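Read the structure below first, then the notes.
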Amino acid sequence: MMSNIRINEIRYVRIIDVVGSIDTLYAQRDSKNRIINDPWPTPFASSGFDLDAVGVINQAAKNSSETYLNQFKRPLYFNTISNTIHVVANANTTNYQQKNELNVYNLAGKICFKTPLDNAKSATHEIQIPSNLSAGTYIARYNNYSIKIILTDNR
């Protein structure tokens, strides 16, 4: 199911069975020194690389420790499907001495949206992006963490 694929978690794509060369004289190699079949560009629309299926292998389970740890390494992330910002608060990301809040800035540095977050020792906040924000690029900031958000008209 496509809804279970976490697009933002994809790190590498490996293409196999394409037109190219695996001759050692011309071959390209990957980081493990394996010969890769690098597709050759062609001037013909009917030639070259044609992708008709994608498979996901080695996907971590939704609640696996890998996903859990990645969230703590990345305490702020944007879900493009639901237009929500996720803030994972823990002892490393929360400043208990100050008011913690999520701010969303436009590229001119103006705050377009802000919301307070509680100072819980461990909490995950899911903040919905307001529908009145126009399409464009924004920066979301939570304490010392920030991410770029690109909003489209297709929301």
For Ala140, net neighbour charge (Lys/Arg +1, Asp/Glu -1) across residues whose Cβ lies under 12 Å away: +2
Calculated FRET efficiency for the pair Ala108/Asn79, C-beta based, R₀ 25 Å, to 0.05: 0.50
Extension reserve of the Thr24-Asp153 stretch, reckoned as 0.36 nm per residue once the Cα distance is removed: 41.7 nm
Per-residue Cβ neighbour rank within 10 angstrom, fewest leading, Ser31, Ser134: Ser31, Ser134
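Taken together, the values in this text are just the output of simple stated rules run on the coordinates, not laboratory data. Predicted model, so just to flag it, every value in this text is computed and none were measured. Cβ: placed from backbone, ideal geometry, glycine included. Neighbour counts: every protein chain shown.
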